1. Is region 59-136 rounded, prolate or oblate when judged by the Cα gyration tensor, a ≥ b ≥ c being the square roots of its eigenvalues, rounded requiring a/c under 1.5 and prolate requiring a/b larger than b/c?
2. With a cut-off of 13 Å, note down the residues of region 118-132 whose backbone N falls inside the zone around a label point 7 Å from the Cα of Ser17 toward its beta carbon.
3. Could you do me a favour and compute the accessible area per residue for the chain, 1.4 Å probe, result in Å²?
4. Determine the calculated [θ] at 222 nm for the chain from helices alone, applying -39500 (n - 2.57) to every DSSP H run no shorter than 4 residues and normalising by the residue count; nearest 500 deg cm²/dmol.
5. So for each of 114-124, 45-55 I average, over its residues, the number of other beta carbons within 10 Å; can you give me the resulting order with the highest mean first?
6. In nm, what is the difference between 0.36 nm times the number of residues separating Ile48 and Ile69 and their Cα-Cα distance?
7. Which of the helices in the chain meet the span-like rule: DSSP H, Cα axial reach of 15 Å or more, Kyte-Doolittle mean at least -1.0?
8. Length gain on complete extension for the stretch Glu89 to Phe128, per 0.36 nm per residue less the alpha carbon to alpha carbon distance?
Amino acid sequence: MKKFSDWRKWNERNNISGKKYPGIYCIAISRSNLSDKKFSWIPQIKYIGMTNSIKGLKGRLDQFDHTIIGKFPTHGGADRFRFEYENYETITKKLFVSVCSFECEVKSNLPKDLKIMGSVCKFEFDCFAKYVEEFG
């Protein structure tokens, strides 16, 4: 399986390398500080998402943030997340993120880049499967 970044506090998500590329992101809620700990599949993961957006992981995580803060619902998954975790200030103190980026040129129509973007989609489902295998 591809390698995820170390866990980061939600408010430090822009410090993650590879954020300009497409990829997968895992969001966890934990009372324990996961920051800078090696990624592992933990039951505290509450959301697994992906992006092939031109704005990369940074853009998608920013959309997630804008939605959970209540600015505007631009991220469907975050809108469902916000329904369960309504208080932005409270939840973001316990929110952590880890990403797995896929270096490619999103604007390209070259087969190598298209295949990488397809790999992102497949890997999201591999991550769903891994989580279900681990935690049901």
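The values are calculated or read from the model by the stated rules, or taken from the named source; none is laboratory data. If you're wondering where the values come from, they're calculated on a predicted model, not measured in any experiment. So basically every Cβ, Gly included, is an ideal-geometry build from the backbone, and we count neighbours across all protein chains shown. Surface areas here come from the heavy atoms of the whole protein model, side chains and all, with no ligands, DNA or RNA. Shrake-Rupley method; radii C 1.70, N 1.55, O 1.52, S 1.80 Å.
1. oblate
2. none
3. 57 Å²
4. One gets -12500 deg cm²/dmol as the mean residue ellipticity at 222 nm.
5. My ranking of the peptides, most packed first, is 45-55, 114-124.
6. That pair, Ile48 and Ile69, stretches by 5.7 nm at full extension.
7. Helices meeting the criterion: 56-69, 111-135.
8. Length gained, Glu89 through Phe128: 11.3 nm.
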